[in-house]
Each structure stands twice: as structure tokens, then as C-alpha cells.
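Asks: The structure follows.
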Amino acid sequence: MPHLTSAQRAQYERDGFLCPIPVLTSGEAAENRALVEGLERNFEGKLEQPVGSYLRLASYLASDVPLRVARDARVLDAVEGILGPDIMMWSCEYFIKEANSEKIVSWHQDLTYWGMDGSDHEVTAWIALSDASEAAGCMKFVPGSHREQIVPHNDTFSEDNLLSRGQEIAVEVDEGEAVAAALAPGEMSLHHGRLFHASGPNTTGDRRIGLVVRFIRPDTPSSGQGKDFGVMMRGVDRHGIRANIAPLAGDFTPAQMKLYKEVTATQAEVLADGLDSADALYSGAA
Ligand SMILES: O=C(O)CCC(=O)C(=O)O
């Protein structure tokens, strides 16, 4: 699929999400899953932190495995249909729910803590590397809720929550209005950062593995005052709002770990806005 059709673009504007969009073959999804699971097997216990925490946060700085998917032309073509030709990647992380796991994601709006000052020029691509059925705890969306402003959120820091602060929308969300975004391996959803979304537990016998790539336009404002980062994926950055970084090749090399630490420590200051310490982030991360 070269770019989105005008009907797809209109649907995204109306609903705040679009899915399923086929981007990888099931074989390619299985290949990338095998690479991710190889990282888990080969590096567990050999790094400063558990492998899962590197995969959950800025995985693209720790390994080039996620970039093989995030940079795929089929992914970027669809994203270009939303953002236009200049595309920067702001983050790239795996959301993994183990088989038969109680882990959930509470109702939230992504843009609440990203320090992007209300900008609309972002989109999240969620790419399934395993079956993301309703039973496996796929995402669910409230269509049209992206037209709301950011509503108040509470930080729960719940153990079972995969989100950085266990953040949860503090107003009533009508579950009856929610639509399940089930994805087969290799399919992708796109969602807007103000869309109300959540996901339930994984009741299946297989892991639910999603690669989540956050794309922005380079003109997206940052409250990080020169302390934010991005990776240009297509087009040109004419704004210089974020430092452009070039991810390094390899898996968990010393050079990668140095860059990883620098970038995540700086970004944590923005993501931890309002908290006493950035150490509290990702307490519930898988
Ligand atoms: O993977 C999930 O269940 C939720 C992911 C999510 O909230 C997001 O991609 O913004």
C-alpha cells in the first residue's frame, strides 16, 4: 500500500485511529519476533537492567532489531499519509504481555505527559509481532475521543499496569463505546495521541508482542527546552527543535548503552514532569 486513501485519512480524522493495516507478512512478523526473543535469551542477566526494561523504553537505542520494522517503507508510507513527508521517530518500544498475564494498560491519552504542548502532529504505529486478539489483550479505542482535549489523569503506579506512571483517565470512560483493535501478526494500527485507549489482560497461552513506534512531525513543539531527541526517518528537519540522533548498529554494545543512558535520562525529566523523581517511571513495566 503506497499511502493512505482519502477514505482512510477521513476515517482517521473522524475516529482517531485506523486498523488493521497490513504492513508485514506473517513470516516477516515471525522473523522479527524471533530476533526480539533472541535478544531476551542472549542478553538476560548480562546487562545493568533486565532486557525487558530496555525493550520497553527506547529499544531502538539498545538494538537495531526494532528499527528493521520501524523503518520499513510499508510502515512509513502509511504514516506519511497522516503526517506528510517529514517524519521523525520520537520513540520505539515493545509492549509485551506474557501468556496468561494480568498486565493491563489503563485508559489514557498518550499526549498527557509527552511535553508536546498540545500538538496534533504525531501518530502512534502499533505493529503486531504475535496475535493481538481481544483474548490476548489487544488495544481498545473510544472512536472520536481524540477530539477531546487532554482530560485529567491520576498516576496509580499499579504493578499490573504497563504504563510508565500507571496513569489513568480520571473521568468516566464508557466501555460500551470502545472498539477492540484486534490485529493479526504483521498488521498495524495507527492512533492519535489524544485518543482514549486501554488494553486488557492476556488470557491466551502465547505472548502478545507489539512494537510501538511514535512518529511526529519535526515542527512538533517540545517543553523539554532543547533536551528532547528524535530520529529522522523521512524528509527533512527544518526546525531543529529536537537533537537528531542516529541509532547505532548492533545489540547492547557499549557505544549503544552510552547513548541509551544519555537519551533516556534526559527524556525522563520531561516524562516525569510533576513527580518527585524520574526513578518512579515504569514501575509496572514488563
Ligand atoms: O500495548 C498496549 O496494550 C497499549 C499500548 C499503548 O497504550 C500505546 O501504544 O499508546
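Asks: At 222 nm, what helix-only mean residue ellipticity would the chain give, in deg cm²/dmol to the nearest 500, using -39500 (n - 2.57) for each DSSP H run of four or more? Can you show the working numbers first?
Replies: Values: 7 runs with 73 residues, N = 286.
After summing the helix terms and dividing by the residues of the chain, the value is -7500 deg cm²/dmol.
Asks: Determine the per residue accessible area of the range 6-273 with all protein chains present and a 1.4 angstrom probe, expressed in square angstrom. List each step's numbers first, then the result.
Replies: On the way: 10750 Å² over 268 residues.
On a per-residue basis, 40 Å².
Asks: So, one more: Can you work out the FRET efficiency for the pair Ala7 and Glu48, with r the C-beta to C-beta distance and R0 = 51 Å, to the nearest 0.05?
Replies: 0.60
Asks: From the gyration tensor of the Cα coordinates in the range 20-127, what semi-axes in whole Å does the equivalent ellipsoid have, largest first, with each one equal to sqrt(5λ)? Before the final figure, lay out each step's value.
Replies: Working: eigenvalues 122, 71, 43 Å².
Semi-axes (√(5λ), whole Å): 25, 19, 15.
Asks: Give me the distance in nm between label points sitting 7 Å out from Cα along the Cα-to-Cβ direction at Val236 and Ala34, one decimal.
Replies: 4.2 nm
Asks: In the chain, what is the count of Lys pairs whose alpha carbons are under 21 Å apart, counting only pairs at least 8 residues apart or on separate chains? Don't jump to the answer; show the numbers that get you there.
Replies: Details: Lys46/Lys258; Lys46/Lys261; Lys97/Lys140; Lys103/Lys140; Lys227/Lys258; Lys227/Lys261.
For the chain, the number of qualifying lysine pairs is 6.
Asks: Same structure, new question: Once R0 is set to 22 Å, what does the formula 1/(1 + (r/R0)^6) return for the Cβ-Cβ distance between Arg68 and Thr253, expressed as a FRET efficiency to the nearest 0.05? Write out the running numbers ahead of the final one.
Replies: Values: r = 17 Å, r/R0 = 0.76.
Calculated value: 0.85.
Asks: Normalised by the empirical 2.2 N^0.38 Å for globular proteins, what value does the Cα Rg of the range 1-74 take? Walk me through the intermediate numbers first.
Replies: Working: Rg = 16.2 Å, N = 74, 2.2 N^0.38 = 11.3 Å.
With N residues counted in the range 1-74, Rg over 2.2 N^0.38 Å equals 1.44.
Asks: Let me ask something else. Over all distinct Cα pairs, what is the inverse of the mean 1/r for the range 33-77, reported as the Kirkwood hydrodynamic radius in Å?
Replies: Values: mean 1/r = 0.0891 Å⁻¹.
Final number for the Kirkwood radius of the range 33-77 is 11.2 Å.
Asks: Determine the share of the chain's accessible area contributed by carbon and sulfur atoms, expressed in whole percent, with a 1.4 angstrom probe.
Replies: Working: 5980 of 11860 Å².
Using a 1.4 Å probe with all protein chains present, the chain comes out at 50 percent carbon and sulfur.
Asks: Only helices at least 24 Å long along their own axis, judged from Cα atoms, and with Kyte-Doolittle mean hydropathy of -0.5 or greater: name those in the chain from DSSP H.
Replies: On the way: long enough: 26-43 (26 Å, -0.64); 254-271 (25 Å, -0.16).
Helices passing the filter in the chain: 254-271.
Asks: While we're looking at this one, here's another question. If you find the alpha carbon centre of the range 223-246 and of the range 174-192, how far apart are they in angstrom?
Replies: 29 Å
Asks: Quote the charge dipole size of the chain about the Cα centre in Debye, to the nearest 20; the model charges only the Cβ of Lys and Arg (+1) and of Asp and Glu (-1).
Replies: Values: 25 positive and 42 negative charges, 151 e Å.
Rounded to the nearest 20 debye, it is 720 debye.
Asks: Further question on the same structure: With all pairs of different alpha carbon atoms counted, what Kirkwood hydrodynamic radius in Å does the chain show?
Replies: On the way: mean 1/r = 0.0529 Å⁻¹.
About 18.9 Å for the chain.
The values are calculated or read from the model by the stated rules, or taken from the named source; none is laboratory data. Bear in mind that the values here come from a model prediction, so they are computed numbers and not experimental data. Methodologically, a virtual Cβ is constructed for each residue, glycine included, from the backbone with ideal geometry; neighbour enumeration extends over all protein chains shown. Ligands, DNA and RNA are excluded from the accessible area calculation, which covers all protein heavy atoms including side chains. Shrake-Rupley method; radii C 1.70, N 1.55, O 1.52, S 1.80 Å.
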